[in-house]
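Everything on this sheet refers to the single structure shown next.
The values are calculated or read from the model by the stated rules, or taken from the named source; none is laboratory data. These numbers were taken from a predicted model, which means no experiment stands behind them. For neighbour counting, all protein chains shown are included, and Cβ atoms are generated from backbone atoms with ideal geometry for every residue, glycine included. Please note that ligands, DNA and RNA were not included when accessible areas were found on the heavy atoms of the full protein model with its side chains. Shrake-Rupley method; radii C 1.70, N 1.55, O 1.52, S 1.80 Å.
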Amino acid sequence: MSSAAGGNGQSFRGGALIPILFFITPLFTAAAPRLAPFFLPIVAFALIVVALRRGLPWRELVQPNAAMAALIAVGLYAALSAIWAEAPESALSKAALLIAATLVVFAASAAIAVLDKDQVRRASLAFIAGALCAAGFVMTELLTDGALTRFAMNNIPAFKPDRAKHVAIHHGRVTKINLSEFNQHVAMLAFQLWPGLLALRVLEPRRRILLTILFLVALAVPIAFSEHDSSQLGLVAALLIFPLARIKPRAVISGLAIAWCLGFVLVIPLDFLAFKAELHQAKWLPMSARARIIIWEYTAERALENPFLGIGADSTPAVKAKAVAAPEKPKGFVFRRTTGQHAHNLFLQSWYELGLFGTILAAIAGAAAALRLLLLPREAQAYGAAAFTLFAVIATFAWGMWQVWLVCAIGLLPLYLLMPAALLSGSRYGEVAPASR
């Protein structure tokens, strides 16, 4: 760091550290999504240290609010579920992950509010550059069947796959990688889209329009070219929400909070309805979607067996492994009738693993987080609404809610958004941070 702290710490600017981190984090996490748990604490710690050196009292880093309290409550309930969980160690570890990520993200968000204006601008521009480089990497991998990843797998022992999932191995060498192997990379890129578009607002209007178009195209093309349907659906939904939120931000954001809660109310009936309509055998649906419908219907049945407490946080794999009989695969089914390793749906997984009580807490937490978008400067609220929409769609169709890389990727998203939002807020930094005064 090039700057030194003054007598009261107010002159400390953090040098180039924050901009560097906001360049390499989007790039490295898109290139290797499982690095997100490594970068989240580093970025957060750097922001917190800079804020403390600038004189922010440490108590203001963790001032409670509804969203923080609700997320911690979900984590505490997940820890409590270890009492009856099939995999108590997993329940405790994932509870600790959620609580730690919540505290770290809210503290770092509060720290952004007191950064120097020039620091914020340079970090925002660095993020744009990092996201563009990430888009270039992902697009290259999609066009070359993962040439760079195959090189790493074949020449670096740490990257060598231990099983042939999504890859073809011939004589010990990876010869081909399915495009679906890059779904996580594409999702990381999708999470960077709306913060990057918001960051472009720090540029002069004459340059902003052209660069905004180029940035949108650069990130949207690899998302569209990929095989990750969830990111594609999320992008479409976010593009629909964005103009509405520009016109009526408060109404749209309130609607998103309500829609989040309705997701928990409707998920089980809709899963049964989709199965009854035989959508799992609809040839016009992608095979992955048909498999999801089978998983959802079976998981919904199991969720009703433990409706109040659930089976315990992150216990789906353990319960599945404990089954004595092999799962059946009726004629015409593309997937066996099983829960899979997870539900591929945050709303349904909450019901199955956390039951009614945990689901209520998760609904409150998500709604409270959505409503905190109203604390952003008005110009930034539509970008936040679009980012929340994209996250909610991906959470509806992809991965498990406790996957470590995904939890940390979602934790990075508000930090990405709050950095340019702090610049847009002018002198009202305190109105931007979740731990605002």
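Taking the criterion of being buried (at least 23 other Cβ atoms within 10 Å of the Cβ) and without any contact (Cβ under 8 Å) to a residue 24 or more places away in the chain, no residue of region 29-58 qualifies.
Do we have any residue at all in region 118-131 that's within 30 Å of residue 161 (Cα to Cα), touching a Ser or Thr at 6+ places or on another chain (Cβ under 6 Å) and at pLDDT 95 or above? Taking every residue of region 118-131 in turn, none turns out to be within 30 Å of residue 161 (Cα to Cα), touching a Ser or Thr at 6+ places or on another chain (Cβ under 6 Å) and at pLDDT 95 or above.
Matching residues to (1) surrounded by 20 or more Cβ atoms within 10 Å (Cβ to Cβ); (2) part of a helix (DSSP H, G or I); (3) in contact with a helix residue (DSSP H, G or I) (Cβ under 7 Å, 6 or more places away or on another chain):
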| site | (1), (2), (3) |
| --- | --- |
| 61 | yes, yes, yes |
| 71 | yes, yes, yes |
| 80 | no, yes, no |
| 92 | no, yes, yes |
| 102 | yes, yes, yes |
| 110 | yes, yes, yes |
| 118 | no, yes, no |
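Anything in region 316-346 that is on the phi > 0 side of the Ramachandran plot and crowded, with 20+ Cβ neighbours inside 10 Å? List them, or say none. Correct list: 340, 344. Among the residues making up region 34-54, those that are over 21 Å from residue 93 (Cβ atoms) and among the basic types (Lys, Arg) are 53, 54. Summed over region 151-198, the residues that are part of a helix (DSSP H, G or I) and β-branched (Val, Ile, Thr) give a count of 1.
Given the structure, is residue 150 crowded, with 16+ Cβ neighbours inside 10 Å, among the basic types (Lys, Arg) and without any contact (Cβ under 8 Å) to a residue 60 or more places away in the chain? Judged against the criteria, residue 150 is a match. Mind checking whether some residue in region 208-216 is among the polar types (S, T, N, Q) and farther than 22 Å from residue 129 by Cα? There is no residue in region 208-216 that is among the polar types (S, T, N, Q) and farther than 22 Å from residue 129 by Cα. Among the candidates 300, 218, 257, the residue that is open to solvent by 30 Å² or more (accessible area, probe 1.4 Å) and at pLDDT 95 or above is uniquely 218.
Residues of region 377-427 being open to solvent by less than 20 Å² (accessible area, probe 1.4 Å) and not in a helix (DSSP H, G or I), which ones? Listed by number, the residues that qualify are 377, 398, 400, 402, 425.
For the structure I just gave you, tell me whether residue 134 is crowded, with 24+ Cβ neighbours inside 10 Å, out of contact with any Leu (no Cβ under 6 Å at 6 or more places or on another chain) and under 23 Å from residue 410 (Cα atoms). Answer is no for this residue.
Among the residues of region 263-285, those identified as loosely packed, with under 12 Cβ neighbours inside 10 Å and not basic (Lys, Arg) are 269, 277, 278, 284. Does residue 255 satisfy being out of contact with any helix residue (DSSP H, G or I) (no Cβ under 8 Å at 6 or more places or on another chain) and part of a helix (DSSP H, G or I)? Answer is yes for this residue.
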